[in-house]
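Heads up: the structure comes next, in structure tokens.
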Amino acid sequence: MHCNCICGVISMTSHVWCHGPSCHTNHTVDRVRGSKGSKVLRTRKIQFNPEWRENMYNYFCSNGCYNDFANKYIQQIIAIAPRNEPLETPIEDPEKTKHTTSWGHTYYDTRIREREV
Ligand SMILES: [Zn+2]
């Protein structure tokens, strides 16, 4: 397998270990490994699909493990692509519309449409 993303982390194997820093502390039966008297909870192994390189589930066993990683390394993650200025999406002037339901309830909604640039 050709590696162009995080070399050294993913080797030639088709499995990766979940990158969640606390994965091995979750009390689930599927994480139990080892022989009687010396059991451990082990980080989950994940089937790596090379066609889903940008998919977080190639690197994390769960949304919780992904969040744990993101929170632990948030400063480094932000440093990859710092946002020092806001982005903007051009829109048409918002249109506020009044609606009245068949039972007399009135509500408003505001339509927002992107402007062709
Ligand atoms: Zn995990």
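Bear in mind these aren't lab numbers, they're just calculated from the coordinates by the rules spelled out. Here the structure is a predicted model, which means the values were calculated and not measured. Every residue, glycine among them, receives a Cβ derived from its backbone with ideal geometry; neighbour counts consider all protein chains shown.
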Which chymotrypsin sites (Phe, Trp or Tyr not before Pro) from the stretch 27-115 combine a DSSP loop assignment with at most 12 other Cβ atoms within 10 Å? TRP103
How far is helix 63-72 tilted, in degrees, relative to the longest principal axis of the Cα atoms in the chain, given as a value from 0 to 90 rounded to the nearest 10? 90 degrees
What value, in deg cm²/dmol to 500, does the helix sum -39500 (n - 2.57) over DSSP H runs of n ≥ 4 give at 222 nm once divided by the residues of the chain? -4000 deg cm²/dmol
With the dipole of the stretch 21-68 worked out from charges on the C-beta (+1 for Lys and Arg, -1 for Asp and Glu) around the Cα centre, which of VAL32, ASN55, CYS65 lies farthest toward the positive end? VAL32
Students often forget the sequence filter, so: which aspartates and glutamates lie under 20 Å Cα-Cα from LYS98 once same-chain residues fewer than 8 apart are removed? ASP109
Can you tell me what percent of all Cα-Cα pairs in the chain are more than 23 Å apart? 59 percent
With +1 at each Lys and Arg Cβ and -1 at each Asp and Glu Cβ, the charge dipole magnitude of the chain around its Cα centre, to the nearest 20 debye, comes out at 1020 debye
Qualifying GluC sites (Glu not before Pro) for the stretch 42-117 [loop in DSSP, other Cβ within 10 Å: at most 10]: GLU54, GLU88, GLU116
